[in-house]
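The values are calculated or read from the model by the stated rules, or taken from the named source; none is laboratory data. This structure is a prediction, so every number in the text was calculated from the model and none was measured. Reconstructed Cβ throughout: ideal geometry from the backbone, glycine too, with neighbour counts over all protein chains shown.
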Amino acid sequence: MSAQPYELANLGRCGNCAIRHKAICSVLTTDELHRISQIAHQRHIPAGQIIMSDQEPVSYFANIISGVVKLTKTLDDGRQQIVGLLFPPDFIGRTYSELSPYNAEAATDTTICCFPHSSFERLLDDVPDLEHRLFERTLDELDSARDWMVLLGRKSAVEKVGSFLLQIARRTDLVGCPHIDRPDLPVFKLPLTRADMADYLGLTIETVSRQMTKLKSGKIIRIDENTTISVLDMEALSDLSGEDPSELL
C-alpha cells in the first residue's frame with residue numbers, strides 16, 4: 001500500500017470529509033490537511049441557533065458541511081435584514097477581524113467544521129495556497145452580492161422568486177432532501193419560511209405566496225407539504241427568472 005492512502009486514512013474526519021474537495025481545504029497537501037485536522041472540530045447546530053453573532057468577538061471560523069445558514073444584519077433600532085444565504089461548502093467568518101459584520105444563523109439543522117480564530121489565521125500565513133483560495137471565495141461572494149443587488153433593484157416579483165429557487169436548486173446535491181422520487185430533478189426543502197423569503201427578496205408574504213402558486217400552476221415546480229420543492233422544468237424556471245441555466249447548475 002502506498003504512503004498517500006495510509007496518510008489520508010489517518011486524517012480522521014478530514015480524510016473522509018464530504019466537502020473536502022470542494023471547500024477551501026481542497027488546495028491543501030496531505031501534510032497541510034494533517035495540520036488543519038489537528039485544530040478542526042465539528043459542531044451540529046439546530047435550526048434557529050446563532051452560529052456567529054455581530055455582537056460578540058469571533059472565536060472561530062467554519063466550513064459548512066451540511067445545511068443552510070442565513071446571514072442577517074442588525075439595524076440600530078433592533079430590526080434584522082437577511083443579507084445572504086450560505087450553503088455547503090461555504091466559509092463562515094471574516095478573517096483578520098475580531099468582529100463579524102453579520103449574524104450567522106442556522107436556517108436548517110446544520111453541521112459545520114470549526115477552526116479556532118488565531119490558529120486558522122496562522123495557517124493562512126503559512127500556506128499561501130489556502131489564503132489564495134479564500135481570496136477567490138471572497139471575490140465570488142462579492143460577485144454574488146452584486147448580482148443580488150440587480151435582483152432586488154430591477155427584477156419583478158416572479159423573477160425574484162424564481163431566482164431564489166434556482167439559487168437553491170444549483171446546490172441541491174449538497175442541501176439534500178429525504179423524499180426524492182425523481183433523482184433527475186432538483187428537489188429540496190425550502191430553508192426559509194415564507195416570511196423570511198419575503199424579507200430576503202424585498203417582497204410581501206402575500207406576493208411570495210402568489211408567485212409560488214403561479215409557478216406551481218404553470219407546472220414549473222411542484223410543492224409538497226408546503227416546504228418540499230421539485231423543479232419540474234428547469235429551463236422554464238430559468239427563462240422566467242431571467243437567468244442562464246448553464247450558470248446555475
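Those residues that are aliphatic (A, V, I, L, M) and surrounded by fewer than 22 Cβ atoms within 10 Å (Cβ to Cβ), I need them from segment 53-70; list them, please. Walk me through it before giving the result.
Restricting attention to segment 53-70, the residues satisfying the condition of being aliphatic (A, V, I, L, M) are 58, 62, 64-65, 68-69.
Passing the criteria: V58, I65.
Being closer than 17 Å to R43 by Cβ and out of contact with any Phe, Trp or Tyr (no Cβ under 9 Å at 6 or more places or on another chain): is that true of L86 here?
On the way: closer than 17 Å to R43 by Cβ: yes; out of contact with any Phe, Trp or Tyr (no Cβ under 9 Å at 6 or more places or on another chain): yes.
Yes: the conditions hold for L86.
Condition check: over 23 Å from H34 (Cα atoms) and not in a strand (DSSP E or B). Does T108 satisfy that?
Values: over 23 Å from H34 (Cα atoms): yes; not in a strand (DSSP E or B): yes.
So T108 passes the test.
With the condition kept exactly as written, say whether any residue in segment 36-50 is over 30 Å from G78 (Cα atoms), more than 17 Å from the chain's Cα centre (by Cα) and free of Cβ contacts under 8 Å to residues at least 40 places away in the same chain.
yes
Spot the failing condition for R122; the list is (1) assigned to a helix (DSSP H, G or I); (2) touching a residue at least 24 places away in the same chain (Cβ under 8 Å); (3) of a type outside the set (V, I, T), and only one is missed.
The failed condition is (2).
Somewhere in segment 20-31, is a residue modelled with pLDDT of 90 or more, surrounded by 15 or more Cβ atoms within 10 Å (Cβ to Cβ) and not in a helix (DSSP H, G or I)?
There is at least one residue in segment 20-31 that is modelled with pLDDT of 90 or more, surrounded by 15 or more Cβ atoms within 10 Å (Cβ to Cβ) and not in a helix (DSSP H, G or I).
Looking only at segment 184-208, filter to residues that are within 18 Å of the chain's Cα centre (by Cα) and of a type in the set (S, T, Y); which one of those is surrounded by the fewest Cβ atoms within 10 Å (Cβ to Cβ)? Before the answer, list the steps.
Residues of segment 184-208 within 18 Å of the chain's Cα centre (by Cα): 186-193, 196-197, 199-201.
Cutting the leftovers down to of a type in the set (S, T, Y) gives us 193, 200.
Values: T193: 13, Y200: 21.
Result: T193.
Pull out all pairs, ordered by first then second residue, where Cβ-Cβ is under 7 Å, the residues are six or more apart or on different chains, the first lies in segment 129-154 and is under 17 Å from L86 (Cβ atoms) and among the charged types (D, E, K, R), and the second is outside any helix (DSSP H, G or I) and at pLDDT 85 or above.
R137/F91
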